[in-house]
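Please read the structure below before turning to the comments.
Every read-out reported here was derived from the displayed coordinates using simple, explicitly stated rules and does not represent laboratory data. None of the values given here were measured: they were computed from a predicted structure. Don't worry about glycine lacking a Cβ; one is built from the backbone with ideal geometry, like all the others, and counts go over all protein chains shown.
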Amino acid sequence: MLLYIFFTSAHFINTIRAMKISNKIIMITQNSNLFNTVKDFCTRNHFDIETATELHSLDFIINEMEKTKSTAFLRAALHAFIRNEGIPFFIVTDYPVVATSQHDVNIQKIFKTMLISFMIIAQGSGLTNIKGNFFINVTGGDIKALKDTIIHPEKFIALIKVNDQKVNAIMHHYADQKAFHSLFYIKPVVYKTNEEMLHELSTYVEAIHKRHALIEKLIEKQEQVQGKNKDAAKVLVKINKDKIAVDREVVITRDKTYQKYEENHIYVIGDWSNFNSRKVAGKVITAIKDGFADWKPGIEDQVCLHLEEAVVDHTTAATLAQIIFNDLKAYSNIKIYCHEPNYKILESADGFSMIRKLVFIQKA
């Protein structure tokens, strides 16, 4: 069983939202021939190998795992690498398909830990396009069995159990083939000759470049759509029948336009897509935490957040999960309401599995 702490702090997510791909690779292997081949390949192709002990020395990593009974140091090192360097271009690790010793079990944990770390990071707002590229050196067992596991990730993920229900929910999301293969590109190999391995690496890296090019085109199209001067959504709170607050500005009004809103409910009106994701999230957090002179929800009060008039996209569900389970974790009774079209958008997005039980369809 892996011990895992849920890690999606707002600071970390904001730091890596505009993440670039690093020219560094991470290599953790006990195969000296593979090490030399990869080193040779990196020299020829202008890649650097990460040399930090926590992400390079297999002996150190296993000793630390056995000493601490945890992989926390490995996760922290990977997160620090991504924050400082960017997403590693690819990661080389060993993997015994069948573990015949505690040493094998520890090596399997290294691979699983890195997979889960990428799953969690990908839940961050605006990070759905990141990729985890793994070049796996199969050290024991049938490589066909590992390939079958990758094709059908539900089999693999079903075997991983952690002590955090939020992380289990994230893993359940990536048990879906489409979600898993959108995030990961895993190439299992068995070490052969130096020349054969150089060919495998060249083919693999060429495929990664092609995937990155497609992603960049997708992001460019998204930014063109999002960049058309869309204003961030307003956050409206109906304080009482004569008083509303819009983006923290309290207004006395008897305008019939506002009669449809329920008192003590919060409404997001306008664009809450990727381009305005954190700005609108900040408005929602501030409205709930700070309240107003004569309105402020208690941590046990029901907090109703309405998205019927919001424009949402594939990033909104992950943003909602982040603010609910991090920024607003003290509030135990949050409910999210939206009409059916927005529900379908949220439902198909990364992060929805974490908030599914909190989201309700508001009939027109």
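Tabulated data for the structure shown
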read-out	value
Relative packing of peptides 139-150, 315-326, 54-65 - highest average C-beta neighbours within 10 Å first	315-326, 54-65, 139-150
Long-range amide H partners of GLY132 with built H, under 5 Å	PHE184, TYR185
Separation of the LYS344 and PHE292 label points, Cα + 7 Å toward Cβ, nm	3.5 nm
Kirkwood Rh in Å, taken over the range 234-361 so that all alpha-carbon pairs contribute	14.7 Å
Helix axis angle, 72-85 relative to the chain longest principal axis, alpha carbon, degrees	80 degrees
Cα centroid separation, the range 263-279 to the range 142-189 (Å)	33 Å
Long pairs among LYS109/LYS329; LYS279/LYS344; LYS109/LYS155; LYS296/LYS329, criterion Cα-Cα beyond 26 Å	LYS109/LYS329
Antiparallel content of DSSP bridges confined to the range 234-361, in %, to 5	50 percent
Taking SER277, SER32, SER332 and counting other C-beta atoms within 10 Å, the order from fewest to most	SER32, SER332, SER277
Pairwise FRET efficiency - ASP59 versus LYS357, Cβ, R0 = 51 Å, nearest 0.05	0.70
Mean Cβ count within 10 Å, highest first, over the residues of peptides 40-48, 110-118	110-118, 40-48
Proxy reagent accessibility, fewest Cβ within 10 Å first, across ILE107, ILE136	ILE136, ILE107
Theoretical gain in end-to-end length, ARG211 to GLU262 [0.36 nm per residue, Cα-Cα removed]	13.7 nm
Fraction of beta bridges assigned by DSSP in the chain that are antiparallel (%, nearest 5)	30 percent
Electrostatic dipole magnitude of the range 221-364 [Cβ: Lys, Arg +1; Asp, Glu -1; Cα centre; debye, to 20]	60 debye
CD proxy at 222 nm, helix term only [per DSSP H run n ≥ 4: -39500 (n - 2.57); per residue of the chain; nearest 500]	-14000 deg cm²/dmol
